[in-house]
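*Asks:* The following block contains the structure, expressed as structure tokens.
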Amino acid sequence: MSQENVEIVRDAYETWNAGDMHAFSEMYDVNAIMRSPEGWPEPGPFVGREAIMRQWERVREAWNAGVLEPIGDFIDAGDRVAVRQTWRVTGEGPEVNLAMTNVFTLRKGKIYYQEFFWDHSEALKAVGLEG
């Protein structure tokens, strides 16, 4: 099951980058929860698929482009998958490259919980691995 979870997360990155927000929405459980990284302007948590998608729509509206690029392995941690990523965005100001680790918890083939960490070792500890 855990390799299947890794493939679901890989698909989530591809779907986001393709801009297919309907398909991206369907990857979340209806009761999913998403937590932003510490210090993020909209701290959340965002509870439920609709709230998460409203947040993602606000993010997409604020930036002209947004590409999520994994910069590390997809780390299989049972029902969780962690991946270090760079989020490259452009908007009204200079281009921004944000590096963070995205941790997904999956249940029944859907993203059930999602949390972002600035510090990769902190994310690894959160999934029960040494950082």
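What follows is calculated from the coordinates using simple rules that are stated; it is not laboratory data. Note that the structure is predicted; figures quoted are calculated from it, not measured. Quick reminder, even Gly has a Cβ in these numbers, built from the backbone with ideal geometry, and neighbours come from all protein chains shown.
*Asks:* Tell me, what HN-Hα J-couplings in whole Hz come from the Karplus equation 6.51 cos²θ - 1.76 cosθ + 1.60 at θ = phi - 60° for each residue of the stretch 30-39, using x for Gly and Pro?
*Replies:* Per residue, the Karplus-derived 3J(HN,Hα) values read 4, 9, 4, 10, 10, 10, 6, x, 3, x Hz.
*Asks:* Can you list which of the GluC sites (Glu not before Pro) found in the stretch 2-74 are DSSP loop residues with at most 12 other C-beta atoms within 10 Å?
*Replies:* E38
*Asks:* Just report the Cα centroid separation between the stretch 1-72 and the stretch 98-129, whole Å.
*Replies:* Comparing the Cα centres of the stretch 1-72 and the stretch 98-129, I get a distance of 12 Å.
*Asks:* Can you list the residues, at least 5 places off or on another chain, whose amide H is less than 5 Å from the amide H of G72, using H built in the peptide plane?
*Replies:* R84
*Asks:* What list of ³J(HN,Hα) couplings, whole Hz, do you get for the stretch 12-20 from phi and the Karplus terms 6.51, -1.76, 1.60, once you set θ to phi - 60° and write x for glycine and proline?
*Replies:* Running phi through 6.51 cos²θ - 1.76 cosθ + 1.60 with θ = phi - 60° gives 4, 4, 4, 5, 4, 5, 6, x, 8 Hz.
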